[in-house]
1. For the stretch 59-82, name all the residues that are exposed (fewer than 11 other Cβ atoms within 10 Å of the Cβ) and without any contact (Cβ under 8 Å) to a residue 12 or more places away in the chain.
2. Taking the condition of being touching a Gly at 6+ places or on another chain (Cβ under 7 Å) and under 14 Å from VAL73 (Cα atoms), how many residues in the stretch 4-59 meet it?
3. Residues in the stretch 58-94 that are under 18 Å from GLU18 (Cβ atoms) and modelled with pLDDT of 95 or more: how many?
4. Is there any pair with a first residue in the stretch 14-40 that is without any contact (Cβ under 8 Å) to a residue 40 or more places away in the chain and a second that is in a helix (DSSP H, G or I) whose Cβ atoms are under 7 Å apart and which are 6 or more apart or on different chains, and what are they?
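The values are calculated or read from the model by the stated rules, or taken from the named source; none is laboratory data. Model, not experiment: these values are computed from the prediction. FYI the Cβ positions are ideal-geometry reconstructions off the backbone, even for glycines, and counts take in every protein chain you see.
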Amino acid sequence: FERDGADLRTELPVTLLEAIAGAEVPVQTPTGTLKLRVRPNTQNGQEIHVAGKGLPKPGRDGGRGDLIVRVRVVLPHLDEKTRDEIASLLAHHPQPDPRAERRSH
């Protein structure tokens with residue numbers, strides 16, 4: 001965990017299938033394990049905020065900070081045949097231009 005005030009930051013590795021289809025994935029918190037819902041089409045680097053699962057906030061209100069989970073999509077090592085099948089499947093679906101934002105600056 002990395003501390004950011006009362007918030008805690010952590011990284012959660014997920015499979016490509018979990019990122020595409022969505023899943024419930026266990027994630028460690030300071031008070032135990034919880035099931036985190038990864039929504040379908042979650043992007044690498046996307047952050048999921050879990051309210052109240054960070055550190056206790058100073059003062060008398062007794063509140064807690066948030067747990068901020070950064071998703072890290074882990075790509076599988078695929079053989080050539082499987083890569084070709086996936087490429088063929090994706091060729092029939094519109095693909096966003098991941099570099100479009102960089103060109104607009």
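1. GLY59, ARG60, ASP61, GLY62, HIS77, ASP79, GLU80, LYS81
2. 3
3. Total satisfying the criteria: 11.
4. Here the result reads VAL25/GLU18; VAL38/GLU18; VAL38/ALA19; PRO40/ILE20; PRO40/ALA21, each pair linking the stretch 14-40 to a residue that is in a helix (DSSP H, G or I).
Per-residue answers, yes or no, for (1) aliphatic (A, V, I, L, M); (2) over 28 Å from ARG37 (Cα atoms):
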site: GLY54; (1), (2): no, no
site: ARG60; (1), (2): no, yes
site: LEU75; (1), (2): yes, no
site: LYS81; (1), (2): no, yes
site: PRO94; (1), (2): no, no
